[in-house]
Amino acid sequence: MDDTIEGFILTGGRSRRMGTDKSQLLLEGQSFVERIAAELFPVTTSVKLVGDNSSASKPKLQSVPDVYPQWGALGGVHAALSACRASWAAVVACDFPFVTSELFRKLASLRDDFEAVAAIQNDGIPQPLCSLYRVEPCLSIADALIKSGERKPVALLQSVRTRWLESSELSELEGANLFFDNINTPEDYARLTRKGSDLDDVWMK
């Protein structure tokens, strides 16, 4: 396998707190999935969608199913790794609409001699759902973790040789303060759009 990267957007969450498919929320006329895919394409050889909701997404992107349905975020990462035909998979959740190509380039620039590359947020929390994973060995380890009953994707990062990026290492990138501002609730989305009327437009679609 060469050292190329394929991109995967996780869309399979149930969005219980949001009450609607987060991947189709709109920001400046684009769905979250469209925005993220546009940022992934300059860095990856392809972009695919992962999860039960992927078929409903507007972009004409190939979708891949979960291997372990209803296994949460770790299941989504595992599905991405299972479908990946490149050496590396860039995996990002659909509720991170502010990720950029520059962020993914930064992650990719640090992957030599590591098996994963992941950022640590300003609050000290690691972010496994906007990370790079070397397919081998991450796929086999993710599979073993799931079979052991593990559901947290950070466990995968803790089980391989991970290059952790402190938030200070990303601070020079434009928009770094918003990279991991995930949108989970109607209140989050209202804050994002800065006008409550946009919520009604999305709910009517």
Could you please find all residues in region 148-205 being among the aromatic types (F, W, Y), at pLDDT 75 or above and outside any loop (DSSP other than H, G, I, E, B)? W164
Count of residues meeting criterion [surrounded by 19 or more Cβ atoms within 10 Å (Cβ to Cβ), modelled with pLDDT under 80, among the aliphatic types (A, V, I, L, M) and within 30 Å of E136 (Cα to Cα)] in region 1-30: 0
Given the criterion closer than 25 Å to T4 by Cα and of a type in the set (S, T, N, Q), identify the matching residue among S168, S131. S131
Within region 64-75, is there a residue that is farther than 20 Å from T4 by Cα, among the hydroxyl-bearing types (S, T, Y) and surrounded by fewer than 19 Cβ atoms within 10 Å (Cβ to Cβ)? yes
If we ask which residues in region 32-63 are in contact with a Cys (Cβ under 9 Å, 6 or more places away or on another chain) and modelled with pLDDT of 65 or more, their number turns out to be 6
Of the candidates A119, A86, A80, A90, the one satisfying the condition of being closer than 21 Å to F41 by Cα and touching a Cys at 6+ places or on another chain (Cβ under 8 Å) is A119
Positions within region 82-103 being assigned to a helix (DSSP H, G or I) and either among the small types (G, A, S) or buried (at least 24 other Cβ atoms within 10 Å of the Cβ) (or both), in sequence order: S82, A83, S101, L103
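The values are calculated or read from the model by the stated rules, or taken from the named source; none is laboratory data. Worth saying up front: this structure is predicted, and the values here are computed from it rather than measured. Glycine gets a Cβ as well: all are built from the backbone with ideal geometry, and neighbour counts include every protein chain shown.
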